[in-house]
Amino acid sequence: MLFVTDLDRTVIHSKKFLGIEKPVKCIERKGNYEISYMTEDALALLDKLKSKEGLTIIPATTRALHQFKRVEPFQDLPYAIVANGGTILIHGEKLPEWENKIRQIRKDRWQEYMFVEKLLKKYEEYYTQEVTLVDDIFYFTKLEDNKERQQELLGKLEKDFKYT
């Protein structure tokens, strides 16, 4: 049986999104900073699931590979899906066949990547984080926490895509 789970804001949380009164443990550090936590209950349950015969746990995340590798409790699992599905890990190593497939897709669609990047950068005033190409696979940014501005941006993007 497979158990596939997202990580951020599902089983791990930053301080900003903890919002619980249960004991927690830091499970991710960036430099000298603690940045992600799991409840002690969740960690105990994860350990229990890891030892369950016939169950394979697969973390699936939008995180870049280097970000995923900081999340300690998931490094001993046999499989992981990271970078929005752009990287598949088997025992911590990239699956070569998948890497080749993704590399070919990027090569075949590089003009589209450049178009999307140009379009995203056109609307930088809407973002709270610079547009970045994560692991050379997908673009990522963060939007202002303002529904009106988000709808305004969506309308502009829809218009731009409609005329291409």
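Within the set of pairs 6 or more residues apart or between chains, which connect a residue that is in contact (Cβ under 8 Å) with a residue 40 or more places away in the chain and closer than 20 Å to F140 by Cα inside the range 84-111 to a residue that is among the β-branched types (V, I, T) and surrounded by 10 or more Cβ atoms within 10 Å (Cβ to Cβ) with Cβ atoms less than 7 Å apart?
From residues that are in contact (Cβ under 8 Å) with a residue 40 or more places away in the chain and closer than 20 Å to F140 by Cα, the pairs are N84/T62; N84/I137; G86/I102; G86/I137.
Checking the structure you have, find out if any residue of the range 85-100 is hydrophobic (A, V, I, L, M, F, W, C) and either open to solvent by 100 Å² or more (accessible area, probe 1.4 Å) or farther than 22 Å from D6 by Cβ (or both).
So far as the range 85-100 goes, no, none of its residues is hydrophobic (A, V, I, L, M, F, W, C) and either open to solvent by 100 Å² or more (accessible area, probe 1.4 Å) or farther than 22 Å from D6 by Cβ (or both).
Would you confirm, using the coordinates I've provided, whether Q67 is at pLDDT 95 or above and closer than 18 Å to D8 by Cα?
yes
Can you spot a residue in the range 115-126 that is of a type in the set (F, W, Y) and within 23 Å of H66 (Cβ to Cβ)?
Scanning the range 115-126 turns up no residue that is of a type in the set (F, W, Y) and within 23 Å of H66 (Cβ to Cβ).
Before we move on, is E130 free of Cβ contacts under 8 Å to residues at least 60 places away in the same chain, under 19 Å from the mean Cα position of the chain (by Cα) and open to solvent by 100 Å² or more (accessible area, probe 1.4 Å)? Can you show your working first?
Values: free of Cβ contacts under 8 Å to residues at least 60 places away in the same chain: yes; under 19 Å from the mean Cα position of the chain (by Cα): yes; open to solvent by 100 Å² or more (accessible area, probe 1.4 Å): yes.
Spelling it out, E130 is indeed free of Cβ contacts under 8 Å to residues at least 60 places away in the same chain, under 19 Å from the mean Cα position of the chain (by Cα) and open to solvent by 100 Å² or more (accessible area, probe 1.4 Å).
Could you count how many residues in the range 63-83 are open to solvent by 70 Å² or more (accessible area, probe 1.4 Å) and touching a residue at least 24 places away in the same chain (Cβ under 8 Å)?
Looking only at that region, the number is 2.
Give me the residue from the range 133-154 that is in a loop (DSSP other than H, G, I, E, B) and at negative phi and, out of that set, most open to solvent (accessible area, probe 1.4 Å). Spell out the reasoning first.
Going through the range 133-154, the residues in a loop (DSSP other than H, G, I, E, B) turn out to be 135-137, 144-146.
Subset that is at negative phi: 137, 144-146.
Working: I137: 25, E144: 48, D145: 149, N146: 62 Å².
Looking at the filtered set, the residue picked out is D145.
Among the residues of the range 1-26, how many are touching a residue at least 12 places away in the same chain (Cβ under 8 Å) and of a type outside the set (V, I, T)?
Going through the range 1-26 one residue at a time, the tally reaches 13.
Quick check on the range 22-46: of everything there that is open to solvent by less than 90 Å² (accessible area, probe 1.4 Å) and not hydrophobic (A, V, I, L, M, F, W, C), which residue is nearest to M1 (Cα to Cα)?
Per the stated criteria, the residue is T39.
Kindly establish whether V116 is open to solvent by less than 80 Å² (accessible area, probe 1.4 Å), farther than 23 Å from D6 by Cβ and of a type in the set (A, V, I, L, M). Break it down into steps so the answer makes sense when it comes.
Working: open to solvent by less than 80 Å² (accessible area, probe 1.4 Å): yes; farther than 23 Å from D6 by Cβ: yes; of a type in the set (A, V, I, L, M): yes.
So V116 passes the test.
If I filter the range 1-21 down to residues being part of a strand (DSSP E or B) and closer than 28 Å to G54 by Cβ, which single residue comes out as most open to solvent (accessible area, probe 1.4 Å)?
L2
The values are calculated or read from the model by the stated rules, or taken from the named source; none is laboratory data. Only a predicted model underlies this, so the values are computations on that prediction, with no experimental measurement involved. Cβ: placed from backbone, ideal geometry, glycine included. Neighbour counts: every protein chain shown. Remember, those area values only see protein heavy atoms, side chains included, never the ligands or the DNA or RNA. Shrake-Rupley method; radii C 1.70, N 1.55, O 1.52, S 1.80 Å.
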